[in-house]
Amino acid sequence: MLTPPQKLAENLRNVRARIAAASRAAGRTEDSVTLLAVSKGQSTALIEAAAALGQRDFGENYLQEALPKIGALRSAELTWHFIGRVQANKTRAIAEHFAWVHTVDRPRILERLAAQRPYYAPPLQICLQVRLAPEVAKGGVEPAELAELAAAARDLPRLRLRGLMCIPPAEPTADRQRHWFERLAALAEQLRASGFTLDTLSMGMSADLEAAIAAGSTIVRVGTAIFGPRN
Ligand SMILES: *Cc1c(COP(=O)(O)O)cnc(C)c1O
């Protein structure tokens, strides 16, 4: 199903207004939160329409689906974020075609991305995905192993460790959503206290971006609230 451009413009305005209101409520400036438009399952034409409305950052989960879109939209100079599960045999193409990877959760992936990031490209921006709850089956490093992984990310060439990312369990209330986001923020704070420079918390999606911004999110990853249901 196609989201008509009119609807897309309205959705984008609404999401930007939600971010602005949540930022104000948290005593933060609106520009402290980047809107990452999650375009998995959406057409190149729709991404192009969002770009024409001023959206710059786009997130994709599946390499095979992303590469043709990135190729077709090269002249638009968009910033592409990989937010799906990273398979070891896909790291070269990810390192070549994306500016950010939000979902790094093991040393082997870091090592491959560092070795495969092209010399002519700026450093690959890295977020470490943390598994906050055992019921989330979507990957992520255990909090107990986070510091070691962060040290590896910091010490490898061609990578720039920016921060942490999470996909928390679905929760029915904003308070319970915020609880998970605050745990991720606390883990980032612990790393800062032990000398890491981190400026990014990638957390919050269509249903819980307000709770994430209240807890300090700097990148919200929003799909359906912008583009409508996925194909
Ligand atoms: C699909 C996806 C999103 C966007 O989810 P919506 O609920 O459509 O906003 C955000 N982050 C990740 C990692 C995703 O896979």
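For the reader, a short list of remarks on this structure follows.
- Residue check, Ala193 in contact with a Phe, Trp or Tyr (Cβ under 6 Å, 6 or more places away or on another chain) and over 16 Å from Arg16 (Cα atoms): no
- Which numbered condition Gln190 fails, given (1) assigned to a loop (DSSP other than H, G, I, E, B); (2) away from the ligand (no atom under 16 Å from the Cβ); (3) over 16 Å from the mean Cα position of the chain (by Cα): (1)
- Residues in region 204-224 that are under 14 Å from Leu12 (Cβ atoms) and more than 6 Å from the ligand (Cβ to nearest atom): 2 in all.
- Within region 97-134, the residues that satisfy the criterion of being within 20 Å of Arg56 (Cβ to Cβ) and over 17 Å from the mean Cα position of the chain (by Cα) are Ala121, Pro122.
- Among residues of region 207-231 that are free of Cβ contacts under 8 Å to residues at least 12 places away in the same chain and farther than 17 Å from Tyr62 by Cα, none has a beta-carbon under 7 Å from a residue that is more than 13 Å from the ligand (Cβ to nearest atom) and not hydroxyl-bearing (Ser, Thr, Tyr) at least six positions away or on a different chain.
- Evaluation of Asn231 against (1) at pLDDT 95 or above; (2) within 16 Å of the ligand (Cβ to nearest atom); (3) in a loop (DSSP other than H, G, I, E, B) (one fails), failing number: (1)
- Scanning region 76-109 for residues that are out of contact with any Leu (no Cβ under 7 Å at 6 or more places or on another chain) and within 25 Å of Asp31 (Cα to Cα) turns up Ala76, Glu77, Leu78, Thr79, Trp80, Phe82, Ile83, Phe98, Ala99, Trp100, His102, Thr103.
- Filter result (more than 16 Å from the ligand (Cβ to nearest atom) and over 17 Å from the mean Cα position of the chain (by Cα)) within region 67-90: Leu67, Pro68, Gly71, Ala72, Leu73, Arg74, Ser75, Ala76, Glu77, Ala88, Asn89
The values are calculated or read from the model by the stated rules, or taken from the named source; none is laboratory data. Note that this is a predicted model, so its numbers are computed, not measured. Don't worry about glycine lacking a Cβ; one is built from the backbone with ideal geometry, like all the others, and counts go over all protein chains shown.
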